[in-house]
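S.K.: I am attaching a structure below and will ask some questions about it afterwards.
The values are calculated or read from the model by the stated rules, or taken from the named source; none is laboratory data. These numbers come from a predicted model, not from an experiment. For neighbour counting, all protein chains shown are included, and Cβ atoms are generated from backbone atoms with ideal geometry for every residue, glycine included.
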Amino acid sequence: METLPQLKTRLAAAFPKARLEIVPNGSPGNPDSLWVDAASGLKVAGFLKNDAALQLDFLSNVTGLDWLDKTVTEKVRVKREFKGQEIEVDEILEKIVPGYLEVVYHFYSTPLRHGPLVLRMRTENRTDRTHLPSLVPLYRSAEFQEREIYDLYGVIFDGHPDLRRLLMWEGFADHPMRKDYCEPDDYEYEPTPHGALLEKARRHYPREAAHG
Amino acid sequence: MPGFGIIKGLKETARNFFGSYHDPGRFVTIQYPEEKREHHENYRSFPFLVYDGDPVKGLRCVSCKICEKECPPQCIYIVPEQDGSGKLLKFPRIFDIDVSVCMGCQICVEVCPFDSIKMDQEFEVSTADRFGGLILNRSKLAKSNEYYHQIRPAEATAVDAQLAAERERQQAKAAAAKSPAPAAAATREKKP
Amino acid sequence: MTPWSTLLALAGDATGSWLAQLKNLATHPWVVNLVAMAVILGANAAFFAVITLLERKGLGRIQNRPGPNRAGPFGILQPAADGIKMITKEDIVPERADQLVHFLAPLVMLAPITLALAVLPYGPQLVAVNLDAGVLFFFAIGTAGELAAFMAGWSSRNKYSLLGAMRAIAQMISFELPLVLSTLVVIMMTGSMSLVEIVAGQGSAAWGLPGWNIFTPWGLAGFLIFLTAAAAESNRSPFDLPEGESEIIGGFMTEYSGFKYAVFFMAEYFGMFAVSGLGITLFLGGWHAPFPFLEWVPGIFWYVAKLVALVFGFIWIRGTLPRLRADQLMNFSWKFLMPLALLNFATAILWHATAGWQFPGAWLCRWLVCFGIVAGAFTGLGRAMLRRRQVGPRIYRYAS
Amino acid sequence: MVDFAQPENAFKPGLPGAAEPACRVVPKYSDQGEREGDWLEISMGPQHPSTHGVFRMDLVLEGETVIRLKPVFGYLHRNHEKIAEQTTYLSSMPYTDRLDYFCSMTNNWAYALAVEKLAGLQVPERAEYIRIITAELTRLQNHACLMGFLMQDLGAMGTPLMYAFREREKILDLFEALSGARMMCNYMRFGGCRIDLPPGWLEQTRRLVADFPRFLDEFEALLTGNEIVMARLQGVGALSRELAINAGISGPMLRASGVNYDIRKVDQYGIYNRFEFRVPLGAHGDCYDRFMLRLLEMRESLRILEPALKDIPSGPIIDARAKLRNFKPRPGEAYGRIEAPKGELGFYLVSDGSANPYRYRVRPPSLINLTILEDLCLGQKVADVVIILGSVDIVLGEVDR
Amino acid sequence: MQLAFTIIALLILAGATAAVALRNLVHCVLCLAVAFVGVAALFLLLGAEFVGLAQIMVYVGAVAILMVFALLLTRNADLPATGPLVSKSWLTGVSIAALVFGCLAIGILASGVGQAAPPSPQLSVRQIGEELMRNYVLPLEVLGVLLTVSMIGAVVIAMTDPKPD
């Protein structure tokens, strides 16, 4: 398989409007990945599937990822007026980088037996603009996996034929795999040696806890 | 000839029918309460705490809480002993394992630096009292080193040899440093 | 009823006149019939218990496990334990079920089959009711099973029950035809519908060989057709679709529990005994011993021995074969068994028509010709059925 | 740890409020009005003898023909991935046993492989051999049991299943002697295996491998030529090659559709390139092909096991650099996959440099192989649904995670 | 004899009444089956064994089952009917019933059954068979051929697949 930069060049030529970026992988020996913007995600995936040199027809794995809002501190040299003079001072800027939800796709090719090609797409933020294109029109294998990501992360896949919760029940309100998910404070009474849990249980089940 | 495959299948079941009367390779059932299978030395069920000598004072556990942290289902609960001034001692005051939660994965044994927690082979632990009977406390967990030797002879011997070597090394180090440090508990000096 | 009256007469003579009145009472037809009924019921119930144990043990051994062996030595008290369990179990009736029909269904299932057991000749004199139209009675009674299955399935208000009932009715209707056709051959060749006469017709043996119907080509084919159809009629594997537990849970019995379920279970086994008994009567010489020099053994022994052998055959098949699908079952009945049964009919006519052949080796010649027709039809129909569905062994390739 | 000060049932703020769509409901079949009365809606499961666990299918039948099927998951959902993100890398290892509880050894291997890729660990040769031996033994017992279960679904009174379990017992005995537990082995570690083979184990395994063909021959005689089995399985649930690839089907099911894709050959993970084995391929993609392929694969597994048991070298069983406690791989991500008996089992790990994985994802072959369940079942009879499901080979521990 | 007849007659009447009066279709069919069984029992009581058994086979085994099947295959069979129990044209029904009853009664009375009952002939199956084979051999053969043809026809129709798959 061609290297990722080569592929990127070809893709950029084929889709001039697409925003492509190579995301380096910190772990040695593991492939870097290609970040595609949501708008051209479906087109790029179609290219990967149908290109004769790639023939990535096997979408093996679709993963959701949750990146929280980050506060980045950086030192900036700014000019300030100080006693009538303009001097340069270091100032520490705190910047909030908005978090986003990310979906990672692992493509393989069954006829050419190469892979994986790792593709990523990111939503604009974690709250209200969590739309990504669904790859189900191209790859049926994404059907349940996208439903699962919708269920557990809350990414909304536009174009998915049957976007329902997969693992949690219908009517469940939250997305449990998000990093800031807080488990609901209701559970069955179980005696436990752990003091904190016992305390919590006592609040819910005073009678049982008293006996236990 | 249609039906031949069915007759072949019937022949096979007939062979197994008669084979079950004379071929131990086919008839593998063990009548459990009367006969019990021999467990291999590696067989594991639930953890127990090893002690040398005294069942309370001789516990090898120093209440370092590594197993509590590493335990995947979080079924271990440890509270270290304190002396009068509130200083933590290297001894567990409470050591509970909720056996109904424990999945017998042996990770506590692997991560224990002091060879103090080992896997038992007792598997008939059913009790009528699920809540009390399945939370094992320190006294229920403590079992002697001799018992350990009995269930896992090879492993226990290796552990004993390793502990002895460690002790010797510590003593040698202590002797070399001519330490003013307290000699007691030198064997277990390690950061919790 | 001769044996009874003889016995009672002997008893009466021996013990004096005050027993004579008792004798008079005891030989009253009502009493005799009731006693006969009780004996048949009791014997079959005991046999049912033995067979359930035998089935579980046999299946266990087929599957390389010991089978039930905890209740009593070698598990011989297992049927009793099962019975106690069934009786003491809570009887759950679905809230929305049709209570009366739900209650009646097991009875409608069991009672007629018990009646059917009454017309079978168990020994030379051991027949409770000697009906002229015994065979007809048998099939007339058998239809109640369909009604019972429907009642059970419909009244439970359960979709699985309904599916099971539909399957049961369709299956019973479909297999009634080959069953009757295979029986008809025997009736035609014997010239009687009375089960007693059919058995009597199979006693004579040339050269000391058994004269059972199964030793004729039409009898052999008829027996196989009968056995297959009988397995389907009594919902035995591989035709146990109406209760196919892996698909529709329990079929029409899904919503039954406790003793009602036990009654269904019993009815199923009684049904198996009844059709097996009919098969023995029609094709296996009834209570006749296989060879004349074994005639001193009572007929009931031979009957039971044959019954156990047949039932064990059913158990063996149950332990081996997976079940067919509903449409395949219908295909099998209509496209395989029915033509085969019709052809068997023709073969029987041929056999009858050539009875007058006198040249040496005529019997063997007849036999081979008729057998050739039946076997050819069997192979041809079977092949055609498999080929039409493109079913056959396959050869697999490996990636280079 | 949980924040106890949280008010009860409090969901955190900042969740998509407006953008949260109500769970989309599939259009009800009843909008086709007049036909409604002919159709029977059946909820097959979660308590059903043939759904292989707590799995549910919402079926709509016309007579006994399936005209709609929607699988419903989640009855066994425990958010394995979330648990793994909250514990250390090592602590997740025993949980992988419980994914596909029939094949804990291969689950261990897939996870260990992913972590080894992430942390750059080398597996010693002896450990590689042990892994291959245990994995192929796992494949043997999984395939044998699957065929037994499939026959159970066909209504064979459990006889083939009992034969399969008889052989499985022997393999589980070996696993117990090796790892201490029969099913929840928890045997592999990052960079190798936990303990060395006990004395006499190889000899026992060799004997088992030598005896195993007898079982396979019997199984073949009992089932493959049986007309009822053929009639029930052939032509049922045929899966085309294109759809199989497109739907991400993997494992024997993919190869039954004629796709030559065995990860043991493609990725050559471990030391599979040292062993001669063939990849059987089906031509029809129906249940019979899936069934037969597993039988043939068992024979190939034996061909791997024999040389592996002969050539296994002595030496260390774990990479010396592998740390048990305080294991913190560098930030990065890795995807490790193996050919598990059920299909492609992959673990996708993202490390942020801490002791817990930032993201831990299981690619469950059982779940993804179910993608086309409805396609396979439409137009078939209700009795075929259970055997199609059986031939897919699912374990609910893995489907629901 | 009298007692048995009374019981059976009451059973038939009860079954027939319930079959028309009950609101649940399935119950109606089951009651009809009960009435059929009662009629068969009457035949048996009279010693007409063959006819009685044939009655059960044909009416219970075929007709009732056919009705049941029809019920199963139509929708909402288990919903109670909502219309009035007595139809508007009840007068017509009653008059037709009365007419039929009158005809039957006249016929029966005219046949002289009411007077000294002749000893009921014990009709064995053999006698029926001989009768059929001697006096009624032509109709029997025609019927036999017809039925056989229809059966073979059914098999042939079943053998040809409507659409090969």
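S.K.: For residues that are part of a strand (DSSP E or B), at the interface with another protein chain (Cβ under 9 Å from one of its Cβ atoms) and surrounded by fewer than 18 Cβ atoms within 10 Å (Cβ to Cβ), tally how many sit in segment D:41-71.
M.R.: Number of matching residues: 3.
S.K.: Could you tell me which of the residues C:VAL308, C:VAL297 is away from chain D (no Cβ under 14 Å), under 25 Å from C:ALA80 (Cα atoms) and not aromatic (Phe, Trp, Tyr)?
M.R.: Result: C:VAL308 is the single residue among C:VAL308, C:VAL297 that is away from chain D (no Cβ under 14 Å), under 25 Å from C:ALA80 (Cα atoms) and not aromatic (Phe, Trp, Tyr).
S.K.: Within segment D:200-212, does at least one residue satisfy the condition of being of a type in the set (Asp, Glu) and within 10 Å of another protein chain (Cβ to nearest Cβ)?
M.R.: Yes; the residues of segment D:200-212 include at least one that is of a type in the set (Asp, Glu) and within 10 Å of another protein chain (Cβ to nearest Cβ).
S.K.: Additional query: When you go through B:CYS102, B:CYS61 one by one, which is the residue that is away from every other protein chain (no Cβ under 12 Å), crowded, with 18+ Cβ neighbours inside 10 Å, out of contact with any helix residue (DSSP H, G or I) (no Cβ under 8 Å at 6 or more places or on another chain) and touching a residue at least 24 places away in the same chain (Cβ under 8 Å)?
M.R.: Exactly one residue qualifies, and that residue is B:CYS61.
S.K.: Cβ-Cβ under 6 Å, sequence separation 6+ or interchain: first residue in segment C:21-35 and within 28 Å of C:THR114 (Cα to Cα), partner surrounded by 11 or more Cβ atoms within 10 Å (Cβ to Cβ). Which pairs?
M.R.: If the second residue must be surrounded by 11 or more Cβ atoms within 10 Å (Cβ to Cβ), the pairs left are C:LYS23/C:LEU8; C:LYS23/C:GLY12; C:ALA26/C:LEU8; C:THR27/C:SER5; C:VAL32/C:MET1; C:VAL32/C:TRP4.
Let's see how each residue does on (1) under 17 Å from the mean Cα position of the chain (by Cα); (2) facing another protein chain (nearest Cβ under 9 Å); (3) surrounded by 24 or more Cβ atoms within 10 Å (Cβ to Cβ):
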site	(1), (2), (3)
D:SER240	no, no, no
D:LEU243	no, yes, no
D:ASN246	no, yes, no
D:PRO252	yes, no, yes
D:ARG264	yes, no, no
D:GLY270	no, no, no
D:ASN273	no, no, no
D:VAL279	no, yes, no
D:GLY282	no, yes, yes
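S.K.: Next question. Answer yes or no: is there a residue in segment C:360-382 that is in a helix (DSSP H, G or I), polar (S, T, N, Q) and either farther than 20 Å from E:THR148 by Cα or out of contact with any Lys or Arg (no Cβ under 6 Å at 6 or more places or on another chain) (or both).
M.R.: Yes, some residue in segment C:360-382 is in a helix (DSSP H, G or I), polar (S, T, N, Q) and either farther than 20 Å from E:THR148 by Cα or out of contact with any Lys or Arg (no Cβ under 6 Å at 6 or more places or on another chain) (or both).
S.K.: Now a separate question. Among the helices (runs of 4 or more DSSP H) confined wholly to segment C:172-272, which include 2 or more residues that are modelled with pLDDT of 85 or more and of a type outside the set (Lys, Arg)? Write out each step before concluding.
M.R.: Numbers: elements: C:195-200, C:217-233, C:245-248.
Result: C:217-233.
S.K.: Now, a different point. Which residues, counting only those in segment D:390-401, are aliphatic (A, V, I, L, M), part of a helix (DSSP H, G or I) and more than 10 Å from every other protein chain (Cβ to nearest Cβ)?
M.R.: Residues satisfying the conditions are D:VAL392, D:LEU396.
S.K.: Report the residue count in segment D:338-357 for those that are among the polar types (S, T, N, Q) and either in contact (Cβ under 8 Å) with a residue 60 or more places away in the chain or not in a loop (DSSP other than H, G, I, E, B) (or both).
M.R.: Matching residues across segment D:338-357 total 2.
S.K.: Output the number of the condition that A:ILE96 fails; it satisfies all remaining conditions of (1) within 14 Å of chain D (Cβ to nearest Cβ); (2) touching a helix residue (DSSP H, G or I) at 6+ places or on another chain (Cβ under 6 Å).
M.R.: The failed condition is (2).
S.K.: Here's another thing I want to ask about it. Which residues, counting only those in segment D:303-350, are β-branched (Val, Ile, Thr) and under 30 Å from D:HIS80 (Cα atoms)?
M.R.: D:ILE317, D:ILE318, D:ILE338, D:VAL350
S.K.: Next up: What residue, of D:ARG330, D:ARG278, D:ARG299, is more than 30 Å from D:LEU239 (Cα to Cα) and of a type outside the set (S, T, N, Q)?
M.R.: Answer to the selection: D:ARG330.
S.K.: How many residues does segment D:350-389 contain that are of a type in the set (A, V, I, L, M, F, W, C) and at the interface with another protein chain (Cβ under 9 Å from one of its Cβ atoms)?
M.R.: 10
S.K.: Does segment B:127-138 include one or more residues that are touching a Phe, Trp or Tyr at 6+ places or on another chain (Cβ under 9 Å), surrounded by 15 or more Cβ atoms within 10 Å (Cβ to Cβ), within 14 Å of chain A (Cβ to nearest Cβ) and touching a residue at least 40 places away in the same chain (Cβ under 8 Å)?
M.R.: Taking every residue of segment B:127-138 in turn, at least one turns out to be touching a Phe, Trp or Tyr at 6+ places or on another chain (Cβ under 9 Å), surrounded by 15 or more Cβ atoms within 10 Å (Cβ to Cβ), within 14 Å of chain A (Cβ to nearest Cβ) and touching a residue at least 40 places away in the same chain (Cβ under 8 Å).
S.K.: While we're on this one: Check off (1) in contact (Cβ under 8 Å) with a residue 24 or more places away in the chain; (2) at positive phi for C:GLY361 and give me the number that stays unchecked.
M.R.: Just one mismatch for C:GLY361, condition (1).
S.K.: Being surrounded by 16 or more Cβ atoms within 10 Å (Cβ to Cβ), more than 18 Å from the chain's Cα centre (by Cα) and either modelled with pLDDT of 85 or more or within 13 Å of another protein chain (Cβ to nearest Cβ) (or both) is the filter here, so list the residues in segment A:16-32 that pass it.
M.R.: Correct list: A:SER27, A:ASN30.
S.K.: Considering each residue of segment E:51-64, count those that are more than 15 Å from E:VAL29 (Cα to Cα), within 7 Å of chain C (Cβ to nearest Cβ) and buried (at least 22 other Cβ atoms within 10 Å of the Cβ), and give that number.
M.R.: 1
S.K.: Filter segment C:59-82 down to the residues that are assigned to a helix (DSSP H, G or I) and buried (at least 17 other Cβ atoms within 10 Å of the Cβ), then identify the one that is farthest from the other protein chains (Cβ to nearest Cβ).
M.R.: For segment C:59-82, the residue satisfying everything is C:PRO79.
S.K.: When only residues in segment C:86-103 that are outside any loop (DSSP other than H, G, I, E, B) and more than 27 Å from the chain's Cα centre (by Cα) count, which is farthest from the other protein chains (Cβ to nearest Cβ)? Even if it seems obvious, please write down each step before you answer.
M.R.: Applying the first criterion (outside any loop (DSSP other than H, G, I, E, B)) to segment C:86-103 yields C:86-88, C:99-103.
Retained after the next criterion (residues that are more than 27 Å from the chain's Cα centre (by Cα)): C:88, C:99-100.
Details: C:THR88: 23, C:GLN99: 12, C:LEU100: 8 Å.
Within segment C:86-103, the match that is farthest from the other protein chains (Cβ to nearest Cβ) is C:THR88.
S.K.: Mind checking which residues of segment C:291-303 are without any contact (Cβ under 8 Å) to a residue 60 or more places away in the chain and either among the hydroxyl-bearing types (Ser, Thr, Tyr) or within 13 Å of C:PRO121 (Cβ to Cβ) (or both)?
M.R.: Correct list: C:TRP302 only.
S.K.: Output the number of residues of segment C:311-343 satisfying the condition of being surrounded by fewer than 19 Cβ atoms within 10 Å (Cβ to Cβ) and at the interface with chain D (Cβ under 10 Å from one of its Cβ atoms).
M.R.: Number satisfying all stated conditions: 1.
S.K.: Which of the numbered conditions does B:VAL28 fail, given that it passes all the others? Conditions: (1) β-branched (Val, Ile, Thr); (2) in contact with a helix residue (DSSP H, G or I) (Cβ under 6 Å, 6 or more places away or on another chain); (3) away from chain C (no Cβ under 14 Å); (4) without any contact (Cβ under 8 Å) to a residue 60 or more places away in the chain.
M.R.: Result: B:VAL28 passes all but (3).
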